[in-house]
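The structure under discussion appears below in the form of structure tokens.
Bear in mind these aren't lab numbers, they're just calculated from the coordinates by the rules spelled out. On a predicted model such as this, the values are computed, not experimentally measured, just so you know. Cβ atoms come from the backbone with ideal geometry, glycine included; neighbour counts cover every protein chain shown.
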Amino acid sequence: MQTVVIIPEPEWRQVLCRLEKLEEAEQARAVATTAKPDEVLSTKAAAEYIGLCAEALLRARRTGRITGVRLNEKDWGFRRSVLDAYPRRYHRAAA
């Protein structure tokens, strides 16, 4: 025995629209996960990229405001996407 549910046409169109949006979002997420990984910049290059000195960038990493990638026992690297998000969240605009 099958259950039948009767839905008014406007409500059905809303459900179809939501389904299309969900499918588009799923496709966009699938494309984003297959994209190439972020470029990792050295501390000096990352500091120049976001306009800070290397010491300030390392201080921000130590305090947890920015995440770094350990390159070796001494050096840290920083992903470009993390650096792009950093100024919008923490960095004050120069006067």
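General observations
- Computed across the chain, the Kirkwood radius stands at 17.1 Å (inverse of mean 1/r, all Cα pairs).
- If the segment from residue 31 to residue 16 were pulled out straight at 0.36 nm per residue, it would be longer than the present Cα-Cα gap by 3.1 nm.
- The residue among 47, 12, 85 whose Cα reaches farthest toward the positive pole of the charge dipole of the chain, with charges on the beta-carbon of Lys, Arg, Asp and Glu, is 47.
- Of the DSSP H helices in the chain, none is both long (alpha-carbon extent of 30 Å or more along the helix axis) and hydrophobic (Kyte-Doolittle mean at least -0.5).
- Charge dipole (debye, nearest 20) of the chain; +1 at Cβ of Lys and Arg, -1 at Cβ of Asp and Glu: 680 debye
- Spherically averaged projected area of segment 40-89 from its Cα convex hull (nm²): 3.0 nm²
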